[in-house]
């Protein structure tokens, strides 16, 4: 992979990392505000509980993506970025443009997903 492509993906990853960190902090603030709200009846509790579940699920997904981005940034630093963790072939540029923190090429991703379903 050319240096210009590596620079492009590094910027993409760093931008997404910043966005996720902002999102996580926003969710934490919103959760704190929800906990401070005065609840009057069972409907209020149900709404708060539902919001809490949704925010938790989103937060967990964002934390996972953040970890994957950190791994990709580390791979960039050690010049191992863009290589599939399963077959060790290079991941295609179009795939990395869609998911710059991809761990697998398209073929290996399908294999990994099938194994997860078992």
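The values are calculated or read from the model by the stated rules, or taken from the named source; none is laboratory data. Every value quoted in this text rests on a predicted model; they were computed, and no experiment measured them. Don't worry about glycine lacking a Cβ; one is built from the backbone with ideal geometry, like all the others, and counts go over all protein chains shown.
Data for the structure
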quantity: Qualifying position, being assigned by TED's automatic domain parsing to the domain that holds residue 113, at pLDDT 80 or above and assigned to a helix (DSSP H, G or I), among 67, 95, 16; calculated: 95
quantity: Checklist (1) surrounded by fewer than 16 Cβ atoms within 10 Å (Cβ to Cβ); (2) free of Cβ contacts under 8 Å to residues at least 60 places away in the same chain applied to residue 105, failing item; calculated: (1)
quantity: Residue tally, condition without any contact (Cβ under 8 Å) to a residue 40 or more places away in the chain and under 13 Å from the mean Cα position of the chain (by Cα), over the range 1-21; calculated: 3
quantity: Residue in the range 41-64 that is on the phi < 0 side of the Ramachandran plot, touching a strand residue (DSSP E or B) at 6+ places or on another chain (Cβ under 9 Å) and modelled with pLDDT of 90 or more present; calculated: no
quantity: Unmet requirement for residue 52, which otherwise passes all of (1) touching a residue at least 12 places away in the same chain (Cβ under 8 Å); (2) more than 30 Å from residue 4 (Cα to Cα); (3) under 15 Å from the mean Cα position of the chain (by Cα); calculated: (3)
